[in-house]
Amino acid sequence: MLERNQLPLRPVAPGFAAAWVTVIAGASVALSLLFACITPFVALAAVSAVALPRQMAITAVLLAWLANQAVGYLMLGYPQTFDSFAWGLTIGIATFASLAASLGVLRLDTGPAVTMAGAFTAGFIAYEGVLFAAAVVLPSGDGAFSAAVVAEVLLINALAVIGLICLHMGAASSRALVTAQQGPALP
């Protein structure tokens, strides 16, 4: 079991962190194809915040968002209208708000499970908050923030975070790949 001082994990084997960034971006593509408009950016941001150093987490989330936009516009036929582009940008902003909130949780002195749960919860609130605020000025459907829609987004993100945690823990189970970071998780 990993201890709190091992979060975020620091790469030991060459390319481990870069490989994880690639996994996050690849997961974004796969999840974008699977869920289209409900890509679990909260899960991608929370796991990146907890599993990667800050700069690598930012890179992972940026690549995930860019990959999602590429899949949407090039493969899924998203409409190329001002509203669509504005929502795409808003989702990017919401994703980075989610990452920032998740990174903020790392400052708390808690165990790994509480840290991950807190990062996910804070990230979800930030993500949905940005989208809700944007809905004031951007067109959206009447039910965009209904309890059923928010619950579906929460469920998809929760399942994705569990899958990503399992994937990361499997890769990190070899102590040859990662090492404990001494001291606080963030500088």
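The values are calculated or read from the model by the stated rules, or taken from the named source; none is laboratory data. As the structure is a prediction and not an experimental result, all values here were calculated from the model. Don't worry about glycine lacking a Cβ; one is built from the backbone with ideal geometry, like all the others, and counts go over all protein chains shown. SASA here: full protein model, heavy atoms, side chains in, ligands and nucleic acids out. Shrake-Rupley method; radii C 1.70, N 1.55, O 1.52, S 1.80 Å.
Side notes on the structure shown:
- Residues of region 97-118 that turn out to be touching a residue at least 60 places away in the same chain (Cβ under 8 Å) and over 18 Å from W65 (Cβ atoms), as a count: 8
- So I165, is it within 11 Å of A46 (Cα to Cα) and assigned to a helix (DSSP H, G or I): yes
- Selection status of A94, of a type in the set (A, V, I, L, M), over 20 Å from A64 (Cα atoms) and part of a helix (DSSP H, G or I): no
- When each of F82, F41 is tested for being touching a residue at least 40 places away in the same chain (Cβ under 8 Å) and among the aromatic types (F, W, Y), the lone residue that passes is F41.
- Near pairs, Cβ below 8 angstrom, 6+ apart or cross-chain, from region 141-170 (in contact (Cβ under 8 Å) with a residue 40 or more places away in the chain) to any residue that is among the acidic types (D, E) and surrounded by 13 or more Cβ atoms within 10 Å (Cβ to Cβ): V153/E128
- Of the residues examined, T115 is not one that is hydroxyl-bearing (S, T, Y), open to solvent by 40 Å² or more (accessible area, probe 1.4 Å) and in a helix (DSSP H, G or I).
- The residues of region 60-91 that are open to solvent by 60 Å² or more (accessible area, probe 1.4 Å), farther than 27 Å from H168 by Cβ and either part of a helix (DSSP H, G or I) or in contact with a strand residue (DSSP E or B) (Cβ under 7 Å, 6 or more places away or on another chain) (or both), listed by number, are L74, F82, D83, F85, L89.
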